[in-house]
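Data first, discussion second: the structure below is written as structure tokens.
The values are calculated or read from the model by the stated rules, or taken from the named source; none is laboratory data. Quantities reported herein were computed from a predicted structural model and do not represent experimental measurements. Cβ placement follows ideal geometry from the backbone for every residue including glycine, while neighbour counts extend to all protein chains displayed. Note: accessible area is taken over every heavy atom of the protein model, side chains too, but ligands, DNA and RNA are not part of it. Shrake-Rupley method; radii C 1.70, N 1.55, O 1.52, S 1.80 Å.
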Amino acid sequence: MIAVVKYNAGNIFSVLCALQRLGYEAVLTDDPEMLNKADKVVFPGVGEARAAMEYLNEHGLSDVIRNLKQPVLGICIGMQLLCRHSEESDVDCLGIFDTDIVKFRPSTPDLKVPQMGWNQITDLKTNLLKDVKEGSFVYYVHSYHAPLCDYTIATTDYDGPYSAALHKDNFYATQFHPEKSGSVGEQILKNFLEL
């Protein structure tokens, strides 16, 4: 069973649809038992860090997610919440990845924040990115990001390089939206489901 973490974040249904297109049924749940029993867990979302962490803490999900042993995929704010701390509302997050989330501070006025649209991923590592071509384009909508760090498995450049994807143990994460990234995103989701 594939479990998709239910919390107060948007964009979760496009993830469910993407999994369905790949032939997988997923369960949307905030039930700790279901999350623990799942073969794979997807932690997606678009939202605000403090509100999301408050929901996870209030529903006892923070420790559940930290202690999952099966493959977990964080997407967009899901990735940011897996990090140590976010500058967005100055909030402590789940701390799986020992790195902080910081806001884009563009060096020129023509660089818009949020970064919205297609950008390239390079320096691809691990099986999550198997059969994905170097320089492939993926879809982003975000104002905050993880700097390059020991867990970086893909890089994107927007006013400088930052982490497009992270990996540590059974935890994987993408700042971009694989569910909105066409055939490249489908390949990444397929790779995750086959881990």
### Query
³J(HN,Hα) across the range 37-44 via Karplus (A = 6.51, B = -1.76, C = 1.60, θ = phi - 60°), whole Hz, x for Gly/Pro?
7, 4, 6, 9, 10, 10, 10, x
### Task
Could you work out the equivalent-ellipsoid semi-axes for the range 59-175, taking the square root of 5 times each eigenvalue of the Cα gyration tensor, largest first, in whole Å?
23, 19, 11
### Query
If you project the alpha carbons of the range 115-195 onto their three principal axes, what span does each projection cover, largest first, in Å?
33, 28, 19
### Summary
Listed by chain and number, the residues whose amide H is under 5 Å from that of Gly95, excluding neighbours fewer than 5 places away on the same chain and using placed H, are Cys83, Arg84
### Query
What are the ³J(HN,Hα) values, in whole Hz, obtained from phi via the Karplus relation 6.51 cos²θ - 1.76 cosθ + 1.60 with θ = phi - 60°, for each residue of the range 99-108 in sequence order, with x given for Gly and Pro?
8, 9, 9, 10, 7, 5, 10, x, 7, 9
## Note on the structure
CD proxy, 222 nm, the chain: helix-only mean residue ellipticity via -39,500 (n - 2.57) per DSSP H run with n ≥ 4, per residue, nearest 500, stands at -7000 deg cm²/dmol
### Query
Around Asp30, which amide H atoms from residues at least 5 apart in sequence, or from another chain, sit under 5 Å from its own amide H, with H modelled in the peptide plane?
Lys6
### Query
How are the Cα pair distances of the range 101-160 distributed, in percent, across 10 Å bins from 0?
20, 51, 25, 3
#### Entry: Share, in percent, of DSSP beta bridges within the range 112-195 that are antiparallel, nearest 5
100
### Task
Using a 1.4 angstrom probe, figure out how much accessible area the range 92-159 has per residue, in square angstrom, rounded to the nearest whole.
54
### Message
Using each residue's phi in the range 127-143, evaluate 6.51 cos²θ - 1.76 cosθ + 1.60 at θ = phi - 60° and report the 3J(HN,Hα) Karplus result to the nearest Hz, with x for Gly and Pro.
### Response
5, 4, 10, 4, 6, 9, 6, 3, x, 4, 9, 9, 9, 10, 8, 6, 10
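Which of the residue pairs Lys6/Lys168; Lys40/Lys125; Lys69/Lys130; Lys6/Lys112; Lys103/Lys168 have a Cα-Cα distance greater than 28 Å in the structure shown?
From the list (Lys6/Lys168; Lys40/Lys125; Lys69/Lys130; Lys6/Lys112; Lys103/Lys168), the Cα-Cα distance tops 28 Å for Lys6/Lys112.
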### Query
Within the accessible area of the range 1-129, what % is carbon and sulfur when the probe is 1.4 Å and the other protein chains stay in place?
51
### Task
Compute log10 of I(q)/I(0) for the range 1-43 with the Debye formula, placing one identical point scatterer on every Cα and leaving out solvent, at q = 0.21, 0.26, 0.29 Å⁻¹, to two decimals.
-0.60, -0.89, -1.04
### Share antiparallel - DSSP beta bridges, the chain, percent rounded to 5
55
### Task
Place a +1 charge on the Cβ of each Lys and Arg in the chain and a -1 charge on the Cβ of each Asp and Glu, then give the dipole magnitude about the Cα centre in debye, rounded to the nearest 20.
420
### Task
Go ahead and set up a Gaussian network model of the chain, Cα springs under 10 Å, then flag whichever of Lys168, Lys125, Lys112 fluctuates most.
Lys112
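Given all pairs of different Cα atoms, what value in angstroms does the Kirkwood hydrodynamic radius of the range 68-134 take? Intermediate values should be presented prior to the final figure.
On the way: mean 1/r = 0.0694 Å⁻¹.
After inverting the mean inverse Cα-Cα distance, the result is 14.4 Å.
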